[in-house]
Amino acid sequence: MFDLSSWDFTAILAMMLPFILVGFAAQMIDGALGMAFGIINNTLLVVFLGVPPALASASVHAVETLTTAASGVSHILHRNVDWRLFRRLVIPGVLGGILGAYVLSTINASVARPFVMAYLAAIGLYLLSRAYRGKVHPREPKIIEPLGFAGGFLDAAGGGGWGPVVTSNLLVQGAPPRTTIGTVNTSEFFLTSTISITFITTMGWKAFTLQTLGLLIGGLLAAPFGAVIAKRVPTRPLMGLIGTLLTATSAYSVWAALA
């Protein structure tokens, strides 16, 4: 049996608190805007909390499996999911994720990351212009399956990108932000689970640390609120927020890759 009397729970909580706050903030943004959980967590963990990059990446991928499940359930309960779009996204996304994981194990896919991020920064600026130049008219998106495949591939091979790639490109095609965000978040669970199974198989259980537990607690606490924000914020401000976040995070990633 474990001797719980020897555990210093106050010290453990103090150690976990920064990671709980990081996980909460990242999941709140991801659940509301459909992107950036991985980018925000990795940036804050590595740059501000001094976590080694490999451990940060392992922790984030392990946590995302459960936070995307919680976020997906919340979006389903708030009726933010377009099930026809979900069916067209999830299978190509999983197939792209499997291929991306294989490519990552044989080829250095990070070379293409600055170009992908530059493209996403341009998409972010376009979404900002759409949000602030006038009324946003929803349209039925035409390119879905190839987009899901590309998003899954880049998420696995490039260390993240499902939300930024899929959400932003669906919005560019005219899809309504609320159901786009809910659908992309819900389908991400299946993609992340597929990638994480491979990840745990190759790395073992070293990703599960107190940092991981802190991110998980914070992410699970925030998951219900993101769906509420996506449901209640009007289309133009929501698109403006997405454009701002996408432009800022993509521009930072380009700078970090080239520095």
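A few notes on this one:
Residue-wise test of (1) surrounded by fewer than 16 Cβ atoms within 10 Å (Cβ to Cβ); (2) modelled with pLDDT of 85 or more; (3) farther than 23 Å from Leu125 by Cα.
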{"position": "Ala207", "(1), (2), (3)": "no, no, yes"}
{"position": "Gln211", "(1), (2), (3)": "no, no, yes"}
{"position": "Gly219", "(1), (2), (3)": "no, yes, yes"}
{"position": "Thr235", "(1), (2), (3)": "no, no, no"}
{"position": "Gly240", "(1), (2), (3)": "no, no, no"}
{"position": "Gly243", "(1), (2), (3)": "no, no, no"}
{"position": "Thr249", "(1), (2), (3)": "no, no, no"}
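- Meets criteria (surrounded by fewer than 19 Cβ atoms within 10 Å (Cβ to Cβ), at pLDDT 70 or above and out of contact with any strand residue (DSSP E or B) (no Cβ under 7 Å at 6 or more places or on another chain)) for Leu33: no
- Note on segment 130-155: among residues that are at pLDDT 80 or above, surrounded by 20 or more Cβ atoms within 10 Å (Cβ to Cβ) and not aliphatic (A, V, I, L, M), the one that is nearest to Met35 (Cα to Cα) is Gly151.
- Among (1) assigned to a helix (DSSP H, G or I); (2) at pLDDT 75 or above - the single one Ala56 does not satisfy: (2)
The values are calculated or read from the model by the stated rules, or taken from the named source; none is laboratory data. Values in this document were obtained by computation on a predicted structure and should not be read as measured data. So basically every Cβ, Gly included, is an ideal-geometry build from the backbone, and we count neighbours across all protein chains shown.
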